[in-house]
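The values are calculated or read from the model by the stated rules, or taken from the named source; none is laboratory data. All values reported here derive from a predicted model rather than from experimental measurement. Don't worry about glycine lacking a Cβ; one is built from the backbone with ideal geometry, like all the others, and counts go over all protein chains shown. The area values use the complete protein model at the heavy-atom level, side chains included, leaving out ligands, DNA and RNA. Shrake-Rupley method; radii C 1.70, N 1.55, O 1.52, S 1.80 Å.
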Amino acid sequence: MAHRVVSEELDLLEQVVALLSELPESRSASEEPIVRELERLRTVILSGDEAKDISALSEQYHNQSAVLNQLRSGQNAARVDPSCPYFAHLRLGEDGKERDLCLGRATCVRGGLRIVDWRDAPISKIFYGYRQGEEYDEEIAGRERVGEVLARRMVRIRAGLLERVQAPEGDFALELEGGWRQLAASAPRLSGGEGRALRAFDLGDGDERRMGSADGGQGLRADKRLPEITALIDPSQFELITHSGPGFLVIRGVAGSGKTTVALHRVAYLAYSDPAIDGPETAVVVFSRALQRFVGHVLPSLGLDRVQIVTYREWALQQRGRHFPSLPARQREDTPALIQRVKLHPVCQAALERRAKEVPGDRKGRVAFEDWAAVVRDAELLEEMTAEIAPGAFTRDELKRFADWHRRELEVLFAWLGGDEEAPAELDPEDDALLLRAWQLRVGDLRAGGKRPIRLRHLVVDEVQDFSPTEIQVLLGCMGREASITLAGDTQQHVVQNTGFTSWSEFFHHLGIAGAEVDTLRISYRSTRPIVDFSRAVLGSLVEDEESPETPREGPPVELFRFTDRGACVAFLADALRDLARQEPEASVAVLTPAPSISETYFGGLERCELPRIRRVVDQDFSFSSGVEVTEINQVKGLEFDYVILVDVDAAHFPDTPAARRLLHVGATRAIHQLWLTSVATPSDLVADYWVR
């Protein structure tokens, strides 16, 4: 005989389906074009065509899905899906009466049927804010509601069939043969980080402890920035840090192996013997604002206060404004993927070099600007250079479209330069590097002010795999004769599309650097072995080393949880995160999504659950403190969190493509102690083996 809880849920579902069947059907013809567009987008996403901007297509897919859901919810009862009408059941006791309420994706309150949309129904606050047996006192829809939560249950209903019931009384699952089985009593929980300082763990006795905190792991760190670890580096890291003298040091390492740590400590080491290194003639160049703030905290702790810490985009825009002051400062935010891909590829730099050699002109900025303007609209020259240095990188048609696009854009730009202030003149962020490179080729050194050339003593570029060869070449053109250079990166974490970075060897070839040696860090300190194993499995054939990196720590398995609705996922996460906040108040958690619209949905849901210290991170504005931060995966490169939850890991967002594999790898390897995955739609094939129940 089924447990009482299961019997009650079976009876409730039968009543709901019966009531829904009595309601008049209606179908809106306006759904049809949206459904067709969703099918088209899904087909393109799953095709694995790397020429397509998968992240943009996925965002379109979910925007269209949101429109469809909004359209359907506006049709009230007709849009409650009988095959999956709700995902949660709430029984409330008020004024001596009991009342059942269901939470789903649409609202239908009619004829004894009470289903509310979890996203906007005020009463859903009770489900997300209280547990079974607790008393509530809330103002809902303008009146005070006082009562007790008599039952609070999560259910999984698919194709009209009840498959799962999760309640305080037990977790019940439908067997294949039709009976019900009670699962293990313990609920999934996040744990393992309390009592350990960031990166603090033992590899053995005595001196074998590596990459721990300066306090030896005895205290908790509310500040989640990188600690001072100079006394705890391992021999391979020490060798790289103390690499002195001019020239290149190239550091490759798996996620969490300490690439950034080594690069920054090398600056401190060099500054010890040459105090001038701690000055504006040393630059640490990073890709994101989050890493800029991260590094900005670490360097002062190492005694370095005057080093430049800049994002490349910020630095290049500033230099372009100095060297080409007549050009518009406004930058385009919606540059087509093809335009980005061509501009960041070494083909454009090669074309600039060819023109500077073959076309006469004085050494003035005006001529450098003319070089740039001529190259971006010269399809024949670009085709010639493609055939010479990168056969097959672009088709003739692509280069023609690139040139045609720029002819139109340059007409607007020239009109603006001619005095038409209404002309919507903009430049692409990718133009900055090309213009600066054109200046270096035609005029000479970039200038810091007046006639003084920029001369860097030391340069650090972190996450170098996400920069284009042209961008790095501009920086190298600013180096002094005896300068030292540290490049740190990992091609397995290459998530910024269209940069032109394919491999270390090709990268150095395009930079004109012969025989550069790559030093590899092979110990993954950040994450546990299950997380590292998962991240390597996700990469598949993209893994660069056949030998798995050394991983000192064990930990809980990586788990995938499936839900029928995001509201159910929010409820599950809220319970787990609330427990974690009680058990480990100093823990940092990242809830990572594939797209901003999805981040908004999860943040909105979790915020309504009144979780402590929950933040929506936009534009990489991380707090580096304890609490829960909700953002997109592509914002967390180079950062780390005690716990990471990757949500909506489904087939649409993570198809079997190199870009999706790398993005998932980056998200997973941000976790120090534990990694969870969730999926509402069909899970991605990349993670299907990790579904635990």
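Miscellaneous remarks
- Kirkwood-type radius of segment 338-429, with distances r between different C-alpha atoms, in Å: 13.9 Å
- Rg then Dmax, both in Å and based on the Cα atoms of segment 551-593: 12.8, 37.
- Using the 1.4 Å probe convention, the accessible area of the chain works out to 43 Å² per residue with neighbouring protein chains retained.
- For the chain, the Kirkwood estimate of hydrodynamic radius, built from reciprocal distances between every pair of different alpha carbons, is 28.0 Å.
- Total lysine pairs in the chain at Cα distances under 28 Å, for residues eight or more apart or on different chains: 14.
- Each residue of segment 590-605 is assigned a 3J(HN,Hα), and the resulting list reads 10, 9, 10, 10, x, 7, x, 5, 6, 4, 4, 5, 5, 4, x, x Hz, derived from the Karplus form 6.51 cos²θ - 1.76 cosθ + 1.60 (θ = phi - 60°), x at Gly and Pro.
- Accessible surface of the chain, 1.4 Å probe, proportion on carbon and sulfur as whole %: 48 percent
- Viscosity 1.002 mPa s, 20 °C: Kirkwood-radius Stokes-Einstein D of segment 523-644 over Cα pairs, µm²/s: 135 µm²/s
- 5 angstrom amide H check on GLN674, placed H, neighbours 5+ away: VAL644
- For TRP180, residues with placed amide H under 5 Å, excluding near neighbours: GLU175
- FRET efficiency, 1/(1 + (r/R0)^6) with R0 45 Å, evaluated for SER83 and ALA423 via beta carbons: 0.25
- The modelled label-to-label distance between ASP362 and ALA18, using points 7 Å beyond Cα along the C-beta direction, is 9.3 nm.
- Relative protection proxy for 530-537, 648-655, from highest mean packing down: 648-655, 530-537 (other beta-carbon atoms within 10 angstrom).
- Cα-based equivalent ellipsoid, segment 405-461: semi-axes from gyration tensor eigenvalues, Å: 30, 14, 11
- Each residue of segment 125-134 was assigned a 3J(HN,Hα) from its phi angle through the Karplus curve 6.51 cos²θ - 1.76 cosθ + 1.60 (θ = phi - 60°); the sequence is 4, 5, 4, 7, x, 9, 10, 4, x, 8 Hz, with glycine and proline shown as x.
- C-alpha long axis of helix 346-358 to longest principal axis of the chain, angle in °: 20 degrees
- Rotationally averaged projected area of segment 357-509 (alpha carbon convex hull; nm²): 11.3 nm²
- Taking all protein chains as shown and a probe of 1.4 angstrom, THR551 keeps an accessible surface of around 10 Å².
- For the chain, the Cβ-based charge dipole about the Cα centre amounts to some 1060 debye (Lys, Arg positive; Asp, Glu negative; other atoms uncharged).
- When nucleic acids and ligands are ignored and a 1.4 Å probe is applied, THR486 ends up with an accessible area of around 0 Å².
- Placing +1 on each Lys and Arg Cβ and -1 on each Asp and Glu Cβ, with no other charges, gives segment 363-440 a dipole about its Cα centre of roughly 300 debye.
- Only helical runs count toward this figure. For the chain, summing -39,500 (n - 2.57) over DSSP H runs of n ≥ 4 and dividing by all residues gives -11500 deg cm²/dmol at 222 nm.
- GLU559-ASP621 FRET efficiency (beta carbon distance; Förster radius 30 Å; 0.05 resolution): 0.55
- Once you divide the Cα radius of gyration of segment 574-693 by 2.2 N^0.38 Å, the number left is 1.00.
- Between ARG306 and GLU411, residue separation times 0.36 nm minus the direct Cα-Cα distance comes to 33.5 nm.
- Across segment 566-580, computed HN-Hα scalar couplings (Karplus, 6.51 cos²θ - 1.76 cosθ + 1.60, θ = phi - 60°) run 5, x, 5, 5, 4, 4, 4, 5, 4, 4, 5, 6, 5, 4, 4 Hz from first to last residue, x flagging Gly and Pro.
- Rounded to the nearest 0.05, the FRET efficiency derived from the C-beta distance between GLN331 and ALA187 at R0 = 56 Å is 0.70.
- Extended-chain gain in nm, criterion 0.36 nm per residue less alpha-carbon gap, ARG145 and HIS3: 48.0 nm
- Between the amide H of GLY555 and those of ARG529, distances stay under 5 Å, these residues lying 5 or more places away or on another chain, with hydrogens modeled in the peptide plane.
- The residues neighbouring ARG452, those whose beta-carbon lies less than 15 Å from its own, together hold a net charge of +3 under the Lys/Arg +1, Asp/Glu -1 convention.
- For LYS400, the solvent-accessible surface with a 1.4 Å probe is about 110 Å², rounded to the nearest 10.
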